[in-house]
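Working notes for the structure below.
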């Protein structure tokens, strides 16, 4: 069994324990503070929908946590910690952390959370480099295997908005930690190939070659 030890109270394949009331309240408050700090760093409010997309979750999940109807459990906490480069004990540390440095770093590095500005053509785009993807890689600094997989997805598909690259980066990092990065890559590329008639996904191609 593979266990995630970076975030307290979370392990893969184990039914999560109920979060104590005091811990649930503390985590909810720190999540709200982080979202508020992201809005301040951007110069405008960050919506629950935007934040949920940035960590690869549904808006309803974030709304339920902030509304006190659901605890911030290990899976969502891991996604937030990975997406924003937070310390592993950010939500459970005895001393209250300051979210502003992490929010400023996110606003600088993740286009979807950055202050709005006019887009300009760059030399990178003329070379076929996806600036949105590279911004996300620079902001999250994932494992090398994840960065390579994301760039391979870009070469195999079409440009994606920054928010989508952020969602994919979090998903790829989780897949790597579960030892399923290849399966993740095949699925993402296969989904993209489904939009292009006559295109065969890598997994289907392998099955056809071995038949």
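Okay, here's what the table says:
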quantity	calculated
Per-region count, region 45-60, residues over 21 Å from residue 170 (Cβ atoms) and either buried (at least 20 other Cβ atoms within 10 Å of the Cβ) or at pLDDT below 80 (or both)	0
Residue in region 23-42 that is exposed (fewer than 13 other Cβ atoms within 10 Å of the Cβ), modelled with pLDDT of 75 or more, out of contact with any helix residue (DSSP H, G or I) (no Cβ under 7 Å at 6 or more places or on another chain) and outside the structural domain of residue 180 (by TED's automatic domain parsing) present	no
Out of 85, 74, sole residue that is at positive phi, assigned by TED's automatic domain parsing to the domain that holds residue 31 and at pLDDT below 90	85
Criterion: under 30 Å from residue 80 (Cα atoms) and either at pLDDT below 85 or not assigned by TED's automatic domain parsing to the domain that holds residue 52 (or both) - qualifying residue of 200, 188	188
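The values are calculated or read from the model by the stated rules, or taken from the named source; none is laboratory data. Computed from a predicted structure; not experimentally measured. When we count neighbours, we look across all protein chains shown, and the Cβ atoms used for this are built from the backbone with ideal geometry, even at glycine.
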